[in-house]
Amino acid sequence: MISVHTSPGAAPGAGDVGGMNVVIRQLSRELGRLGVDVEILTRRIDPEAPASIELDPGVRLRHFTAGPVEVLPKSAHEGLVPAFADALGALPGYDLVHAHHWYSGLAAREAAARWGAPLVQSLHSIAAAPHTPLSAGERPESPGRLAAEKVLAGQADELHAVSSAERDTIVDRLGSDPARVQVIPPGVDTDQFRRERAGQPGPDYLLVAARLEPLKGVDLAIETFGRIEPSLVGELIICGGATSGFDAYVDDLHQLVAERGLGERVRFVGARDRDQLADLMAGARLVLNPSHSETYGLTALEASACGVPVVASAAGGLVEAVRDGETGLVLRTRDPQAWADAVTGLLRDPAEARRLGAGGLEHARQHTWDRMARRTLA
């Protein structure tokens, strides 16, 4: 497993650490349980970190020096790809290479060819089509990203997509042969994410679990919450840290909270570890996912495993992570009042919320990491 720009050993929700890290860590853990020896290769960002550490039985995390030994913005890693590729070139080889994100694919392709190892590519997100308008505060794509992803789509022995939406984008935008693209959605740890984690009853709250960047649409969640009667739900909890380079967006979110008079009812709790996130999800009335774009939407599946309904935007793979009318509601509008009306409807109808929560539990049972690991090996 290769992950150049972010370490699966880091806690999700901070900086550039997100769902991809969870996918790599959990998939590797389950493959290890199935008897596969897995090494995760990532860039060293801490001079004190050991060269190699066992994360789980059969799974080792290895750090390689490529560029400054420090945390860098995600975009800075494009220039470090050659150095990471050189580090890979010094290794004796592997039976199979699974690259995550396009940086990793570029770094791995020559080494995989030299080792005679098949290259599996997971992109996790794909460059926008040329001339696509940017959201406020969103950074422009690297000029080389789309071209690089097209090269990987043509050269990788197999591509893994986390949703049918991502598969279609790989085929349509990158020109990949559909027969070489397998859809393997993320799994969920149903031992960790479960309803029983909910603690003693406390203030009712809605939850958003996302990195703080424009793409995640947290501003829509705040606008929505401000339009809901306070008697129906007490708080909005926002769990996640700022993505590198988006401090101004975080400032805008705090300003929006103040302007809407919600300072006593909206809590930014920062990035939390996986157990803390599971506790927050299990105790929530609803989980909101207002993203502009998602290749899947792992937090929606984790909420379902806790029996908590999800209200989500109809963005990419979210329409698969959330089954509209079965595990939650999928909204094809970004109008805050429409969102507030949908959320209010569920808050006023506990029986319907319980029905959706039960549907989510069943949905999550079909997406355990063990099942997804076995599909990966098939």
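Brief remarks on what is shown
- Amide hydrogen neighbours beyond the local backbone of Gly328, cut-off 5 Å, H modeled: Val310, Arg323
- A protection proxy built from the mean count of other Cβ atoms within 10 Å ranks the segments 171-182, 329-340, most packed first, as 329-340, 171-182.
- Computed from label points 7 Å out along Cα-Cβ, the spacing between Ser142 and Glu110 is 1.5 nm.
- Span-like helix ranges in the chain, DSSP H, alpha carbon extent 30 angstrom or more, Kyte mean at least 1.6: none
- Peptides 209-215, 353-359 ordered by packing proxy, namely the average of other Cβ atoms within 10 Å per residue, highest first: 209-215, 353-359.
- DSSP bridge analysis restricted to the chain gives an antiparallel fraction near 10%, rounded to the nearest 5.
- Principal axis extents of the Cα atoms in the chain, from largest to smallest and rounded to whole angstrom, are 63, 44, 40.
- For Ala156, no residue 5 or more places off, or on another chain, has a built amide H under 5 Å of its own.
- Compactness of segment 195-365 is given as radius of gyration and Dmax, 14.5, 43 Å, from Cα positions.
- For Asn289, the amide hydrogen comes within under 5 Å of the amide hydrogens of Val311, Ala312, Ser313, counting only partners 5 or more places away or on other chains and with H modelled in the peptide plane.
- A Förster distance of 22 Å, applied to the separation of the beta-carbon atoms of Arg348 and Arg260, puts the FRET efficiency at 0.50.
Each reported figure results from applying straightforward, stated rules to the coordinates on display, with no laboratory input. A quick note: this is a predicted structure, and the numbers were derived from the prediction, not measured. For neighbour counting, all protein chains shown are included, and Cβ atoms are generated from backbone atoms with ideal geometry for every residue, glycine included.
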